1. Hey, can you grab everything whose amide H is under 5 Å from the amide H of Trp209? Only 5+ residues off in sequence or another chain; H modelled, so Pro and N-termini drop out.
2. Given the DSSP H assignment, sum -39500 (n - 2.57) over each helix run of at least 4 residues in the chain and divide by its residue total; what's the result at 222 nm in deg cm²/dmol, nearest 500?
3. May I ask for the net charge around Asn129, where only other residues with Cβ less than 15 Å from the Cβ of Asn129 are counted and Lys, Arg are +1 while Asp, Glu are -1?
4. Report, by chain and number, residues whose modeled amide H sits under 5 Å from the one on Ile24, excluding near sequence neighbours (fewer than 5 apart, same chain).
5. Which of the cysteines in the chain are isolated, no other cysteine C-beta under 4.7 Å?
6. Which whole-Hz couplings ³J(HN,Hα) result when phi for each residue of the stretch 43-48 is put into the Karplus expression 6.51 cos²θ - 1.76 cosθ + 1.60, θ = phi - 60°, listed in order with x for Gly and Pro?
7. Please list the non-local residues whose amide H lies under 5 Å from the amide H of Gly182, H modeled 1.01 Å from N, same-chain partners needing a gap of 5 or more.
8. Whole-Hz Karplus ³J(HN,Hα) for the stretch 331-336, in order, using 6.51 cos²θ - 1.76 cosθ + 1.60 and θ = phi - 60°, x for Gly and Pro?
Amino acid sequence: MTTETTSNPFRGREQPAAILAEIIVEEGCREHPLAKEIIKRAGLPVRLLANDQSTGSADPFYAQNLSQGKRQLVLARNKGKFLKSCPGTREYLCCGYQVLNIGMNCPMDCVYCILQAYLNNPRLSFFINIEDMLVELTNALGQDRQLFWRIGTGEFTDSLVLDRLTGLSRILVEFMRDQPNGVLELKTKTVEIDNLATADHGGRTIVSWSLNSPWVIDRHELRAAPLSQRLSAAARCVSWGYNVAFHFDPLIYYPGWEEGYEETVQRLFEAVPRERIAWISMGALRFLPSLRSIVATRFPNVSFFCEEFVPGLDGKSRYFRTRRVALYRHLLQLIKRHAHPATCLYLCMESREIWQEVFGYSPEDQGGLSAMLDRAAGWTVAS
């Protein structure tokens, strides 16, 4: 007899979190029920971290220690706010995303990952005081039921990469089920979807995957799931009633990029029903200048950082405008051949001028980027 356990095509493959070698628990967190569950599931050595030992101090050998740091998971309390607006910049159009901070860093090694330059501690961390998180979410969503919230957990870590240890996705999914003025987006490069299979989501969660060309995924997204497995996972989530989304970010210029992205788009729409895709974003490679030296230390054979870049208005290095427009126009035409009219196609952190060149309009012509995405999520003021 075939069961979910034996039919799951992802079960048994090595997971990114398999590199974990040690659990570090902040003093005072060891007896927290969730910390106990994670320690039991992980079956790893446990070390206590005294209150006077910092988990966030600057590491003078940060780049060299990143690989070792990703083998250590710190279980800690978040002493600040969980929910914050996306750290966009006013120079480029932001989508109005709300970031739910569940932890820091990621056990995968995507060569271009901006977290390598954004954080100053090589360890992974997960915040166990989810009871405080849920109170904060309840208060925020309850302030004004006419205000719609798009909330995501994939800003400072991958949304699902530690989910088989933490079980957080199911808790958040079932919390959001009862929130009529919000939607949760779980963004990932993994196939860690087991906890979503039987979760009662009520249509309030969108599961999304970052996609790229096979060339980029195979060579530069280390320990992330292959393209075929990401698309199979998306199809399974659709079969469980979820809507899905996809993010082509970062788009990377390399010889043969046109054919590479065309292959990905073709395979995407062969695998996933187009009417179940809420949105698809595009964003060209951009990075903090300090990332170059970190990548040179960790991945000395990577060449695409040797292309020509220009300082952006947000302080990040970007491709020249003409190259970004070429990347976006090509991908947009590929996607528009297949996409459902209701799917929101948009640029991540780009200027009105680039929008005009690529789409022929600015988001303000459609009521603003936030409104475009809210509508794609099924929200109307009369809801």
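A short reminder: the numbers here are calculations on the coordinates, not readings from a lab. Not measured: the values here are computed from a predicted model. When we count neighbours, we look across all protein chains shown, and the Cβ atoms used for this are built from the backbone with ideal geometry, even at glycine.
1. Thr188, Ala245, Phe246, His247
2. -9500 deg cm²/dmol
3. Residues near Asn129 contribute -2 overall.
4. Under 5 Å from the amide H of Ile24 lie the amide H atoms of Arg47, Leu73, Val74, Leu75, each far enough along the sequence or on another chain.
5. Among the cysteines of the chain, those whose Cβ sits 4.7 Å or more from every other are Cys29, Cys86, Cys94, Cys95, Cys106, Cys237, Cys306, Cys344, Cys348.
6. Coupling constants for the stretch 43-48: x, 10, x, 10, 10, 8 Hz.
7. It is Trp149, by chain and number.
8. Karplus-based 3J(HN,Hα) across the stretch 331-336 equals 5, 4, 5, 5, 5, 5 Hz.
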